[in-house]
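Chemist: Below you'll find the structure I mean.
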2 protein chains.
Amino acid sequence: MNTLPPAVLPELIEAVGPDWVISDPDHLLVYEADAQTAHNLAPQAVVLPSDTREASRVARVLHVHGVPMVPRGAGTGLSGGALAMEGGVVVGTSRMNRILEVDPENRRALVQCGVLNTNLSDAAAPFGLHYAPDPSSQTACTIGGNVAENSGGPHCLKYGVTSRYITGLRVVLPNGDAVWLGGQGREASGFDLVGLFVGSEGCFGLATEVEVALVPVPEATRTLLAIFETLGDAGRAVTAIISAGLLPAALEIVDRNTIKAVEASIFAAGYPTDAGAALVVEFDGIEAGLELEAEETVRCCEEAGAREVRRAESAEERLALWKGRKKAFGAMGRLAPDLLVQDATVPRTRLPEVLARISEIADRYELQVANVFHAGDGNLHPNLVFDRRDGEETRRVEEASKEIMLLCVEAGGTITGEHGVGADKRKYMPLVFSNKELEVLRGVKRVFDPAGLCNPGKVLPESGVGS
Amino acid sequence: MNTLPPAVLPELIEAVGPDWVISDPDHLLVYEADAQTAHNLAPQAVVLPSDTREASRVARVLHVHGVPMVPRGAGTGLSGGALAMEGGVVVGTSRMNRILEVDPENRRALVQCGVLNTNLSDAAAPFGLHYAPDPSSQTACTIGGNVAENSGGPHCLKYGVTSRYITGLRVVLPNGDAVWLGGQGREASGFDLVGLFVGSEGCFGLATEVEVALVPVPEATRTLLAIFETLGDAGRAVTAIISAGLLPAALEIVDRNTIKAVEASIFAAGYPTDAGAALVVEFDGIEAGLELEAEETVRCCEEAGAREVRRAESAEERLALWKGRKKAFGAMGRLAPDLLVQDATVPRTRLPEVLARISEIADRYELQVANVFHAGDGNLHPNLVFDRRDGEETRRVEEASKEIMLLCVEAGGTITGEHGVGADKRKYMPLVFSNKELEVLRGVKRVFDPAGLCNPGKVLPESGVGS
């Protein structure tokens with residue numbers, strides 16, 4: 001790894017003040033991972049600007065010296081997107097954590113990029129509003145990180161992913177220029193650069209301020225938990241619910257291995273450990289309609305062979321039903337020291353077949369797979385547990401992981417549902433893009449980042465790779 | 001205007017067959033407008049490919065000879081976007097009108113770009129599904145045109161605009177290469193080029209095939225029509241409805257001049273001609289909840305001073321209540337020979353003030369303005385009626401129109417809500433974009449269209465224009 005040109009640190013200190021430039025190797029270790037354990041890689045320095053003006057200065061310093069700039073939210077991205085894969089300086093957003101404006105009448109808010117997802121909803125709550133996209137990491141992840149990854153969450157089946165709620169972005173381009181894309185209540189005119197920037201994984205610049213649309217907190221919710229003997233039965237219940245024309249806010253499945261992990265952990269949620277799968281179904285909206293939807297869901301689940309359907313009668317019971325789903329990733333820590341959190345999508349109708357084949361792949365590689373997934377969207381998380389100190393097992397995890405990706409693509413799906421391509425999956429991009437298509441993607445990146453210094457080594461495979 | 005290089009017509013004929021290349025000046029007149037009467041300009045030729053392969057060949061011929069390519073849907077865009085402003089060949093999509101696949105289980109369809117909006121919903125209807133975005137021109141406009149303009153419609157308050165429903169695009173690039181952006185049930189991985197292409201107004205290439213998400217037809221609807229003495233009262237009712245946390249599927253206002261035009265036309269809908277404004281409110285969803293929502297809406301309207309609230313009790317009555325809104329543009333033809341259909345947005349809370357100022361502007365220029373608007377979205381259509389044979393009046397229309405645009409931008413809005421920038425509004429782009437931002441837009445266009453031959457003279461102002 002190259003060392004930084006000597007002028008960089010002093011100039012960064014001049015830009016943001018001496019307290020907010022980190023170069024001590026011990027302190028840099030905090031920034032060596034993004035909750036994805038496959039890579040650990042510390043940057044050469046970390047800089048923490050407090051606003052757009054400082055972020056602009058920082059970008060200009062790095063640009064002038066030809067040093068890579070790696071934007072970083074809370075580091076919960078799970079695909080290596082916030083790591084300095086080709087060296088350089090991480091621009092952390094933790095100080096840009098101010099909510100600049102909540103405008104209840106127009107149902108909008110303007111926040112700095114480092115605001116935590118839940119803090120935004122808390123700020124909107126007094127007005128009966130919330131920010132709808134709710135990734136499972138919502139208590140830790142930032143709005144800026146959500147923008148970078150176009151994050152989903154359990155409720156995106158009904159409410160859609162991050163891009164639906166972003167109306168404007170203040171962006172520091174890699175050369176230090178600050179521009180507005182959309183924003184100030186405006187729809188994008190011209191070309192939709194807001195939509196393009198959302199999901200660009202830090203490769204186009206740093207979004208320092210984010211304007212979002214808020215939506216009313218639903219008047220009421222109904223939450224159900226159905227227990228099935230097999231994963232296949234749970235899948236059939238999902239198909240029945242969707243075919244009945246119901247639109248749940250959430251439709252989430254956890255499989256047998258996940259249930260076992262949860263119930264053996266401090267997060268024990270009372271899911272039966274001999275079950276094959278549990279399905280969480282939630283409806284929200286105005287009170288009057290919910291009872292009918294809940295009843296029809298119970299019927300769908302029972303016809304698909306549910307041995308039990310529980311219903312939450314209070315807010316506490318609702319949280320209890322969700323607990324096994326929400327704490328699934330935390331609980332998997334019990335199964336083995338390391339966890340490869342996979343993320344892929346398949347057409348909803350292919351779910352049963354793909355799940356069966358994932359199970360076969362895990363068996364063949366003698367690995368344990370624990371599935372947690374957004375069933376309504378066909379967004380799978382087949383998670384492989386392992387011990388990275390065991391090199392041979394780690395290799396099997398990588399091989400199995402690749403087979404699972406190929407399987408999902410062959411089934412008409414794609415290589416990521418919500419965690420992004422990051423560093424981990426750029427090798428899979430040629431599975432879903434032709435060379436011509438990759439060239440368009442590269443061309444678009446060059447518009448924002450002609451020098452190739454903004455989050456290099458992410459998303460796009462090297463030129464010449466592909467078919 | 002340049003003439004076409006002599007090889008172009010024979011090569012186009014070779015690409016699509018002699019019946020589908022139009023160069024007779026009389027026949028080209030059909031393509032000289034796009035329902036926007038401010039410009040009339042015939043192309044040098046029109047070519048009508050039947051599929052992606054033929055469209056690819058056409059694009060290649062034009063590219064090789066350096067001839068501008070102007071994609072055209074049904075020509076209902078209203079901003080001059082489908083006109084050959086710098087000469088060249090219009091690529092019409094009327095033959096690409098096949099519905100290639102309806103996949104009810106995954107709630108998707110794949111269609112050629114020239115399919116009419118309503119025909120897609122008709123094809124999905126046997127499965128209880130429909131295509132949600134419903135521009136007022138939906139019986140005439142095409143899905144490909146909707147993609148180009150990112151069209152909205154009365155129901156986009158609840159359902160969102162076109163971009164929310166487009167999951168994949170088969171695109172013929174200006175050099176003739178055909179690529180897939182997203183599609184085949186996949187979410188976009190990498191950067192969101194689908195989102196970028198939607199709304200790009202034919203400047204990036206020709207979308208020949210469009211994959212869309214379908215949604216269930218709502219189980220039931222409730223439609224109300226409230227009559228107010230003043231436009232301000234109608235605006236206050238809208239604010240009250242939104243503040244009550246209700247989310248109507250549609251919330252549409254027509255003003256006094258529009259009511260008068262409708263009632264004097266063959267579309268007479270029984271709206272009282274002495275009213276200041278009429279508000280159409282529609283809810284949809286499951287039957288159980290609708291009654292409560294309707295009752296709360298009646299209350300909001302009455303508190304805002306409605307002198308009458310009508311409710312549709314049957315499908316026929318629903319159509320009757322909608323008639324005055326849906327036929328508004330047609331009826332305005334009665335007011336004068338020509339109509340400048342304006343399109344702009346403002347934050348919803350600024351509506352009353354902006355409407356009052358639009359009325360002042362029209363008075364000052366001694367013009368008649370008729371307002372029809374999507375009140376829930378703050379999307380205004382202040383329409384100016386005039387007679388283009390009167391040069392002095394036409395000049396006043398242009399001046400007033402510019403003032404209205406400035407007013408909307410100053411109120412925090414933007415220069416187009418749903419009709420696009422096209423040819424008419426490129427001069428206003430510097431009102432909402434800085435030079436740096438325009439340079440990014442130009443850069444993105446160059447990725448797709450380095451030669452600058454794809455729908456030139458649209459959206460982006462000339463380089464050097466801007467502030």
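Chemist: Identify all residues within the range B:341-387 that are more than 25 Å from B:R426 (Cβ to Cβ) and open to solvent by less than 30 Å² (accessible area, probe 1.4 Å); write none if there are none.
Modeler: Once the filter is applied, which keeps residues that are more than 25 Å from B:R426 (Cβ to Cβ) and open to solvent by less than 30 Å² (accessible area, probe 1.4 Å), the range B:341-387 yields B:L351, B:L355, B:A370, B:A375, B:G376.
Chemist: Right, here's the next one. Of everything in the range A:407-433, what is within 7 Å of chain B (Cβ to nearest Cβ) and either of a type in the set (A, V, I, L, M, F, W, C) or out of contact with any helix residue (DSSP H, G or I) (no Cβ under 6 Å at 6 or more places or on another chain) (or both)? Give them in sequence order. Show your work before the answer.
Modeler: At the first step, the residues of the range A:407-433 found to be within 7 Å of chain B (Cβ to nearest Cβ) are A:412-417, A:421, A:429, A:432-433.
A:G412, A:G413, A:I415, A:T416, A:G417, A:V421, A:M429, A:V432, A:F433 - these are the residues of the range A:407-433 that are within 7 Å of chain B (Cβ to nearest Cβ) and either of a type in the set (A, V, I, L, M, F, W, C) or out of contact with any helix residue (DSSP H, G or I) (no Cβ under 6 Å at 6 or more places or on another chain) (or both).
Chemist: Then there's this: Residue check: is A:A148 small (G, A, S) and open to solvent by less than 10 Å² (accessible area, probe 1.4 Å)? I'd like the intermediate steps shown before the answer.
Modeler: Working: small (G, A, S): yes; open to solvent by less than 10 Å² (accessible area, probe 1.4 Å): no.
When the stated conditions are applied, A:A148 does not pass them.
Chemist: Mind counting the residues in the range A:52-77 that are part of a loop (DSSP other than H, G, I, E, B) and either open to solvent by less than 40 Å² (accessible area, probe 1.4 Å) or over 19 Å from A:A148 (Cβ atoms) (or both)?
Modeler: Taking the range A:52-77 and keeping what is part of a loop (DSSP other than H, G, I, E, B), we get A:65-68, A:73-77.
Within this subset, residues satisfying the condition of being either open to solvent by less than 40 Å² (accessible area, probe 1.4 Å) or over 19 Å from A:A148 (Cβ atoms) (or both) are A:65-68, A:73, A:75, A:77.
Result for the range A:52-77: 7.
Chemist: Moving on. Considering only the range A:154-170, state which residues are within 21 Å of B:I415 (Cβ to Cβ) and open to solvent by less than 20 Å² (accessible area, probe 1.4 Å).
Modeler: Just the residues of the range A:154-170 that are within 21 Å of B:I415 (Cβ to Cβ), to begin with: A:166-170.
Passing the criteria: A:I166, A:G168, A:L169.
Chemist: Can you tell me which residues in the range A:372-403 are closer than 27 Å to B:D192 by Cβ, not in a helix (DSSP H, G or I) and not aliphatic (A, V, I, L, M)? Give the steps one after another, and end with the answer.
Modeler: Filtering the range A:372-403 down to residues closer than 27 Å to B:D192 by Cβ leaves A:372-383, A:401-402.
Among the residues that remain, those that are also not in a helix (DSSP H, G or I) are: A:372-374, A:378-383.
Correct list: A:F373, A:H374, A:G378, A:N379, A:H381, A:P382, A:N383.
Chemist: Another question, if that's okay. It is to be established whether one or more residues within the range A:284-293 are of a type in the set (G, A, S), in contact (Cβ under 8 Å) with a residue 40 or more places away in the chain, part of a strand (DSSP E or B) and over 20 Å from A:N371 (Cα atoms).
Modeler: The initial filter retains those residues of the range A:284-293 that are of a type in the set (G, A, S), namely A:285, A:288-289.
Now restrict to residues that are in contact (Cβ under 8 Å) with a residue 40 or more places away in the chain: A:285.
Pick out the ones that are also part of a strand (DSSP E or B) and you get A:285.
Narrowing the set further to residues that are over 20 Å from A:N371 (Cα atoms) leaves A:285.
Taking every residue of the range A:284-293 in turn, at least one turns out to be of a type in the set (G, A, S), in contact (Cβ under 8 Å) with a residue 40 or more places away in the chain, part of a strand (DSSP E or B) and over 20 Å from A:N371 (Cα atoms).
Chemist: With B:L380, B:L367 as the choices, which residue is free of Cβ contacts under 8 Å to residues at least 60 places away in the same chain and under 22 Å from the mean Cα position of the chain (by Cα)? Quick ask: steps written out before the conclusion?
Modeler: On the way: B:L367 fails: under 22 Å from the mean Cα position of the chain (by Cα).
That would be B:L380, the only listed residue that is free of Cβ contacts under 8 Å to residues at least 60 places away in the same chain and under 22 Å from the mean Cα position of the chain (by Cα).
Chemist: Could you tell me how many of the residues in the range B:272-303 are away from chain A (no Cβ under 14 Å) and open to solvent by 10 Å² or more (accessible area, probe 1.4 Å)? Give the steps one after another, and end with the answer.
Modeler: We begin by selecting, within the range B:272-303, every residue away from chain A (no Cβ under 14 Å); these are B:272-282, B:298-303.
From the residues that got through so far, the ones that are open to solvent by 10 Å² or more (accessible area, probe 1.4 Å) too are B:272-274, B:298-299, B:302-303.
Matching residues across the range B:272-303 total 7.
Chemist: Go through the range A:217-237 and count every residue that is within 13 Å of chain B (Cβ to nearest Cβ) and in contact with a strand residue (DSSP E or B) (Cβ under 6 Å, 6 or more places away or on another chain).
Modeler: Count: 3.
Chemist: Across the range B:87-135, what is the number of residues that are out of contact with any helix residue (DSSP H, G or I) (no Cβ under 7 Å at 6 or more places or on another chain), more than 14 Å from chain A (Cβ to nearest Cβ) and in a strand (DSSP E or B)?
Modeler: Of the residues in the range B:87-135, 5 are out of contact with any helix residue (DSSP H, G or I) (no Cβ under 7 Å at 6 or more places or on another chain), more than 14 Å from chain A (Cβ to nearest Cβ) and in a strand (DSSP E or B).
Chemist: Being outside any strand (DSSP E or B) and either among the basic types (K, R) or in contact with a Cys (Cβ under 7 Å, 6 or more places away or on another chain) (or both): is that true of B:R310 here? Reasoning before the result, please.
Modeler: On the way: outside any strand (DSSP E or B): no; either among the basic types (K, R) or in contact with a Cys (Cβ under 7 Å, 6 or more places away or on another chain) (or both): yes.
It is false that B:R310 is outside any strand (DSSP E or B) and either among the basic types (K, R) or in contact with a Cys (Cβ under 7 Å, 6 or more places away or on another chain) (or both).
Chemist: Answer yes or no as to whether B:S163 is farther than 27 Å from B:P68 by Cβ, at the interface with chain A (Cβ under 9 Å from one of its Cβ atoms) and not in a strand (DSSP E or B). Before you say what the answer is, go through the steps one by one.
Modeler: Values: farther than 27 Å from B:P68 by Cβ: no; at the interface with chain A (Cβ under 9 Å from one of its Cβ atoms): yes; not in a strand (DSSP E or B): yes.
Here the answer is no, as B:S163 does not meet what is asked.
Chemist: If you take the residues of the range A:404-455 that are hydroxyl-bearing (S, T, Y) and in a loop (DSSP other than H, G, I, E, B), which of them is surrounded by the fewest Cβ atoms within 10 Å (Cβ to Cβ)? Lay out the reasoning, then the answer.
Modeler: Start the filter on the range A:404-455 by keeping residues that are hydroxyl-bearing (S, T, Y), which leaves A:414, A:416, A:428, A:434.
Narrowing further to those that are in a loop (DSSP other than H, G, I, E, B): A:416, A:434.
On the way: A:T416: 31, A:S434: 15.
Per the stated criteria, the residue is A:S434.
Chemist: For the list (1) within 12 Å of another protein chain (Cβ to nearest Cβ); (2) open to solvent by 10 Å² or more (accessible area, probe 1.4 Å), I need the number of the one condition that B:A140 fails.
Modeler: The one condition B:A140 does not meet is (1).
The values are calculated or read from the model by the stated rules, or taken from the named source; none is laboratory data. Since this is a predicted model, take the numbers as computed values, not measurements. So basically every Cβ, Gly included, is an ideal-geometry build from the backbone, and we count neighbours across all protein chains shown. Side chains are part of the model used for accessible areas, which takes the heavy atoms of the whole protein and leaves out ligands, DNA and RNA. Shrake-Rupley method; radii C 1.70, N 1.55, O 1.52, S 1.80 Å.
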